[in-house]
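Working notes for the structure below.
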Amino acid sequence: MVGTGYRDGVRRDDFCGAADLRAMQAMCSRLWSPTSRFHPGQLTWNRYSQPVDSSGTAPGEVISLWRDGSSVVGFGWGEAPDWLEAQVDPAYPGVADEVVECFEEWSDAPSQSAVVMEGDLLGRPLAAAGFEPRRGEPYLRHHLLDLRTIPDVPVVGRYRLRHVEAHEAAERAACHAASWSDVSPSSVTAGAYAVLMAAWPYRADLDWVAVDPAGEMVASCLVWPDPATGVGLVEPVGCAPAHRGRGLAGAVTLAALHRLRAVGGRLAVVSPRGDPGYPGPQRLYQALGFRPVARTVTWRRSLPG
């Protein structure tokens, strides 16, 4: 995906930092529906939940944008040589072909994967390039919740629920790391979280934590608003292992969602694993009233050795 190109009035550009991320988010907001791959907040989390150079891409990463005039109509994000994330405006099917072509030109990984929504127009060029859908593998399932129906926030004993303050990046990063420590090492550092807190559409009043009697953050829920659609994304939620089984993850999520409704949100979306290999988060969200809608599919191919 290196370089620039022009076809049918649509130009391709390399990613050059925060302004381009914002343009990608504008496309995601404009196109959002229950079957859309990305919410604008997901792009912020994907970009800033680890230390990055805000002016460009990291080694082993590539991002290209396709624009019609000033509007982004598609992007391809090679998060690694073996992993493509992408979204394309359905009105520009030719861009889907270019996204896959550019990933092929850039990546020489022996095994390559792309994650798209089931039925997405990217499936056609992926199939033409030799990728195959693996519907039986782990996948994400979008879940929606009408904020008019959210339950009350439960009492959680000796814990206190509150939103994060602007100066608490280090504490908030530590809470996230503790919550995910039994899954894999966290890439969320204090510095990365400070950058994330400064990025659109982050709001500290939608970043909620459960605090134990000693004042330590032990569970958290971050909600990303999109004022244009009224849809908030829940991403991520976590609870430190020593404090699980006490309803904290659900309580802190409801607290954040009540605040989202108070500031004008109408819907919430969350995308846990939908397959039986990791059912806990899906059960949690469905117990709060979220209902499943669209799912992702991973497409894979192996190159000849």
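The values are calculated or read from the model by the stated rules, or taken from the named source; none is laboratory data. Computed from a predicted structure; not experimentally measured. In this analysis, Cβ positions are derived from the backbone assuming ideal geometry, glycine residues included, and neighbour counts consider all displayed protein chains. Surface accessibility is based on the protein's heavy atoms, side chains included, excluding ligands, DNA and RNA. Shrake-Rupley method; radii C 1.70, N 1.55, O 1.52, S 1.80 Å.
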Karplus couplings for segment 265-280 from phi (6.51 cos²θ - 1.76 cosθ + 1.60, θ = phi - 60°), rounded to Hz, Gly and Pro as x? x, 10, 9, 10, 10, 9, 10, x, 4, x, 8, x, x, 8, x, x
Tell me, what HN-Hα J-couplings in whole Hz come from the Karplus equation 6.51 cos²θ - 1.76 cosθ + 1.60 at θ = phi - 60° for each residue of segment 50-65, using x for Gly and Pro? 7, x, 9, 7, 5, 8, x, 9, 8, x, x, 10, 8, 9, 10, 10
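What does the extension gain come out to for Glu101 and Arg266, with contour length at 0.36 nm per residue minus their alpha carbon separation? Walk me through the intermediate numbers first.
Values: separation 165, 0.36 × 165 = 59.40 nm, distance 3.82 nm.
This chain segment gains 55.6 nm when fully extended.
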Which one of Leu257, Gly9, Ile150 has its Cα pushed farthest toward the positive end of the charge dipole of the chain, where Lys and Arg give +1 and Asp and Glu give -1 at the Cβ? Ile150
Could you give the length gained by full extension between Leu303 and Arg273, i.e. 0.36 nm per residue of separation minus their alpha carbon distance, to one decimal place? 8.0 nm
Hey, can you find the accessible area per residue of segment 1-149 for me, probe 1.4 Å, expressed in square angstrom? 42
With only Lys, Arg, Asp and Glu charged, each at its Cβ (+1 for the first two, -1 for the last two), find how big the charge dipole of the chain is about the Cα centre; round to the nearest 20 debye. 1220
Where the accessible area of segment 159-249 is counted over protein heavy atoms with a 1.4 Å probe, how much of it, in %, is carbon and sulfur? 58
Give me the 1.4 Å probe accessible area per residue for segment 159-305, excluding ligands and nucleic acids, in Å². 41
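When the accessible area of segment 1-134 is split by element with a 1.4 Å probe, what percent falls to carbon and sulfur? Walk me through the numbers on the way to the answer.
On the way: 2690 of 5430 Å².
Within segment 1-134, the accessible surface is 50 percent carbon and sulfur.
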What whole number of Å gives the distance from the Cα centroid of segment 114-158 to the Cα centroid of segment 10-72? 19
Sorted by packing (mean other beta-carbon atoms within 10 Å per residue), highest first, where do 216-226, 127-137, 265-275 land? 216-226, 265-275, 127-137
Taking a ≥ b ≥ c as the square roots of the Cα gyration tensor eigenvalues, with a/c under 1.5 meaning rounded and otherwise prolate when a/b beats b/c or oblate if not, segment 1-140 comes out rounded
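Classify segment 178-220: rounded, prolate or oblate, from the alpha-carbon gyration tensor (a ≥ b ≥ c, eigenvalue square roots; a/c under 1.5 rounded; otherwise prolate if a/b is larger than b/c)?
Oblate, since a/c reaches 1.5 and b/c is not below a/b.
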Once the Cβ-Cβ distance between His258 and Arg134 is put in as r, and R0 is 45 Å, what FRET efficiency do you end up with, to the nearest 0.05? 0.75
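How charged is the neighbourhood of Pro154? Take every other residue with its Cβ under 14 Å from the Cβ of Pro154, and add Lys/Arg as +1 and Asp/Glu as -1. Don't jump to the answer; show the numbers that get you there.
Values: positive: Arg158, Arg160, Arg246; negative: Asp152.
Around Pro154, the charge tally is +2.
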Percent antiparallel among DSSP beta bridges confined to segment 45-117, nearest 5, equals 80
Whenever you get a sec, line up Asp108, Asp205, Asp68 from highest to lowest accessible area (probe 1.4 Å, protein heavy atoms). Asp108, Asp68, Asp205
Percent antiparallel among DSSP beta bridges with both residues in the chain, to the nearest 5? 90
